[in-house]
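**Student:** I'd like to ask you about the structure that follows.
The values are calculated or read from the model by the stated rules, or taken from the named source; none is laboratory data. What you see is a predicted model; the values in this text were computed from it and never measured. Cβ placement follows ideal geometry from the backbone for every residue including glycine, while neighbour counts extend to all protein chains displayed. Note: accessible area is taken over every heavy atom of the protein model, side chains too, but ligands, DNA and RNA are not part of it. Shrake-Rupley method; radii C 1.70, N 1.55, O 1.52, S 1.80 Å.
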Amino acid sequence: MDAINDLFSLLSSVLWGWPMVILLLGTHVFLTFRLRIPQRRLLTGIRLSVQKDKGATGDVSQFGALATALAATIGTGNIVGVATAVALGGESRGGSAPPKRPANDK
C-alpha cells in the first residue's frame, strides 16, 4: 500500500507544476484553432441571450428560461450532493473527527 501511495505522490508532484500549465495552455490553443476561434462570437451570444425577441410568444424571455434551467439543475445538484455527503459521512465539524457514539448500557 505504501508503494502505491509513493507512486501517486510522485505522479502528483511531477504533474501538478509546469507540465500541467503547459498541457492546459496547449489544449487551449489547440481547441481555439480547431474550433475556429469561438471566442469571437462570445459577445454576440451574450447579446442574443439577453435581448428580447420581438416575434416570440410567451411570457418568459430566452435569458429567463436559461436562468431557470440553470437554477433548477444547479439547485438539484446541490441538494443531492449535500444529502449524499450527510448520508455517507455526516456533517463536517471543521475537519475534526466525528464524535464517538456512547456504548449501550447492557
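**Student:** From the set of residues in segment 29-45 that are assigned to a helix (DSSP H, G or I) and open to solvent by less than 100 Å² (accessible area, probe 1.4 Å), which is farthest from Ser61 (Cα to Cα)?
**Tutor:** Val29
**Student:** Also, I was wondering about something else. Output the number of the condition that Ala103 fails; it satisfies all remaining conditions of (1) surrounded by 10 or more Cβ atoms within 10 Å (Cβ to Cβ); (2) at pLDDT below 90.
**Tutor:** So Ala103 meets the others, but not (1).
**Student:** I need every pair where a residue in segment 46-57 that is surrounded by 11 or more Cβ atoms within 10 Å (Cβ to Cβ) has its Cβ under 7 Å from the Cβ of a residue that is modelled with pLDDT of 80 or more, sequence separation at least 6 or different chains.
**Tutor:** Ser49/Gln62; Ser49/Phe63; Ser49/Leu66; Val50/Phe63
**Student:** With the requirement that a residue be loosely packed, with under 10 Cβ neighbours inside 10 Å and β-branched (Val, Ile, Thr), what does segment 1-28 give you?
**Tutor:** Matches in segment 1-28: Ile4 only.
**Student:** Name the pairs: first residue in segment 61-83 and closer than 19 Å to Val50 by Cβ, second residue surrounded by 11 or more Cβ atoms within 10 Å (Cβ to Cβ), Cβ to Cβ under 7 Å, at least 6 apart or on different chains?
**Tutor:** Gln62/Ser49; Phe63/Ser49; Phe63/Val50; Leu66/Ser49
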